[in-house]
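Only one structure is covered here, and it is reproduced in the block below.
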Amino acid sequence: MAQANKAANSQNSGQFRCFDDCRRASPTYLFQPMPQKKISFQMRTFHLPENHPSLPHPKIGVLILHLGTPDDTSFGSMRRYYREFLSDKRVIDYPRWFWLPILYGIILNTRPGRKGRDYDKIWDQEANDSPLRVYAKSQAKKLEQAFGEDVLVDYAFRYANPSTKDALERMKQAGVDRIVALALYPHYSSATTATGYDAIFDQLKKMKWQPSLITLPPYHDNPAYVESLAKSIDEKLATIDWEPDLIVTSYHGAPERYLREGDPYHCHCFKTTRLLGEARPAIANKLKVTFQSRFGPEKWLQPYTDKTLESLPSEGIKKVLVICPGFSVDNLETLEEINMEAREEFIESGGENFDYIPCLNDSPQHIDLIKTLCTKGVEAFR
């Protein structure tokens, strides 16, 4: 019996080999190998049995995570997007028995139509797409060019398309076995950064062979990020023929209780504005933090952007610049809520001059920043 088992093991040892052994193997095996073909990629030698299916060259991948955007401005597309977005417990953490009847009974029957009309105002007609998706595609393309051929770059949306699941599947098919993930939110929040990484973790749970993963931290106090914001203010100041009385740094809002529950988002936002003032002392006393995009009856972080802009003219502040440091890419909240709605409210309240400073988007300095942030993770995998 022992001799039979030994013979069987000897026979099987040439037929079965660890898949990882095939992709990353050293030339030496513990078992007697079958006849092999050799494939070399950049100093790595792969030893595959003659009948082994072809394998892609192992690669490092960089995955850039965004919140998401509807596929189009139709009611159905808007409803699908907001259903996924507002069903996320990280975003709306009320008990499901309380929240879901409100979501399905009221919000998903009214909000899609209203928001669809808002998206129509800022939709990129030339690309027939949302500005956020247009910029996300461009960022990924430019970042891959910056890294070179040995790093694959892709992007994913937490909600809508392309989904995190689809992006990870594309990477897997391309041979990516090491991933550096960057949630493109400078300021950490459980409703943005955490849920973005949750989506990756949820997909990895389903994989037989998970890629190695590095998730990068927030970068609200990164000097290159702060300097990029400062330069965008410099560039705007150089194009206008008036001196702003105030420069509003408007961040996306969050329920005030999140701060009490340990979410550092509020502190991250204030630190960015403080560092921005330190980087440009000439405007430090003109910077003011506000929070926009409130949702629901709960008390949110203050001061509110809309209320602040409405009250400024009565205080003698009639010339204002607005920048949104928490948004990496221009989207509905910046292009419509700030540059259209907030502008109109400010002027109607007695303001004289209002201008909006665009997000970093796919600018060269932003691509350089993203590459710098991701490079530490990429180098750790080499």
- Taking region 140-158 and keeping residues of a type in the set (Gly, Ala, Ser) and free of Cβ contacts under 8 Å to residues at least 24 places away in the same chain leaves Gly148
- Would you check which residues across region 344-371 are in contact with a strand residue (DSSP E or B) (Cβ under 7 Å, 6 or more places away or on another chain) and exposed (fewer than 15 other Cβ atoms within 10 Å of the Cβ) and list them? Glu352
- Query: Would you say Arg280 is among the charged types (D, E, K, R) and closer than 26 Å to Ile357 by Cα?
  - Reply: yes
- Message: Is it the case, given these coordinates, that Leu184 is in the same structural domain as Thr69 (by TED's automatic domain parsing), under 18 Å from Ile323 (Cβ atoms), in contact (Cβ under 8 Å) with a residue 60 or more places away in the chain and surrounded by 19 or more Cβ atoms within 10 Å (Cβ to Cβ)?
- Response: yes
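Among the residues that make up region 130-148, is at least one of them farther than 27 Å from Pro358 by Cα, in contact with a helix residue (DSSP H, G or I) (Cβ under 9 Å, 6 or more places away or on another chain) and not acidic (Asp, Glu)?
Let us first name the residues in region 130-148 that are farther than 27 Å from Pro358 by Cα, namely 148.
Filter once more, keeping what is in contact with a helix residue (DSSP H, G or I) (Cβ under 9 Å, 6 or more places away or on another chain): none.
No.
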- Item | Criterion: of a type outside the set (Phe, Trp, Tyr), out of contact with any Lys or Arg (no Cβ under 8 Å at 6 or more places or on another chain) and without any contact (Cβ under 8 Å) to a residue 24 or more places away in the chain - qualifying residue of Glu315, Glu337, Glu333 | Glu315
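Hey, among the residues in region 249-274 that are in contact with a strand residue (DSSP E or B) (Cβ under 7 Å, 6 or more places away or on another chain) and more than 17 Å from Pro186 (Cβ to Cβ), which one's surrounded by the fewest Cβ atoms within 10 Å (Cβ to Cβ)?
Glu256
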- Task: Can you tell me which residue within region 372-382, out of those that are surrounded by fewer than 19 Cβ atoms within 10 Å (Cβ to Cβ) and in contact with a helix residue (DSSP H, G or I) (Cβ under 9 Å, 6 or more places away or on another chain), is nearest to Glu333 (Cα to Cα)?
- Result: Thr372
- Query: Are any residues in region 203-223 loosely packed, with under 15 Cβ neighbours inside 10 Å and either farther than 18 Å from Lys172 by Cβ or under 16 Å from the mean Cα position of the chain (by Cα) (or both), and if so, which ones?
  - Reply: Pro217, Asp221, Pro223
- Query: So which helices (runs of 4 or more DSSP H) stay within region 91-176 end to end and still have 1 or more residues that are hydroxyl-bearing (Ser, Thr, Tyr)?
  - Reply: 108-122, 131-147, 164-173
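Identify all residues within region 96-123 that are among the polar types (S, T, N, Q) and exposed (fewer than 12 other Cβ atoms within 10 Å of the Cβ); write none if there are none.
Thr110
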- Note on the structure: When region 289-327 is checked residue by residue, the ones that are surrounded by fewer than 17 Cβ atoms within 10 Å (Cβ to Cβ), basic (Lys, Arg) and not in a helix (DSSP H, G or I) are Lys299
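Given the criteria assigned to a strand (DSSP E or B), modelled with pLDDT of 95 or more and hydrophobic (A, V, I, L, M, F, W, C), does Leu229 qualify?
No: the conditions fail for Leu229.
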- Task: Would you mind telling me which numbered condition in (1) under 22 Å from Leu373 (Cβ atoms); (2) in contact (Cβ under 8 Å) with a residue 24 or more places away in the chain; (3) under 16 Å from the mean Cα position of the chain (by Cα); (4) not assigned by TED's automatic domain parsing to the domain that holds Lys318 Tyr251 fails?
- Result: (4)
- Task: Determine, yes or no, whether Asp241 is under 23 Å from the mean Cα position of the chain (by Cα), assigned to a loop (DSSP other than H, G, I, E, B) and in the same structural domain as Leu321 (by TED's automatic domain parsing).
- Result: no
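The values are calculated or read from the model by the stated rules, or taken from the named source; none is laboratory data. This is a predicted model, so every value here is computed, not measured. With ideal geometry, Cβ positions are generated from the backbone for all residues, glycine too; neighbour counts draw on all protein chains shown.
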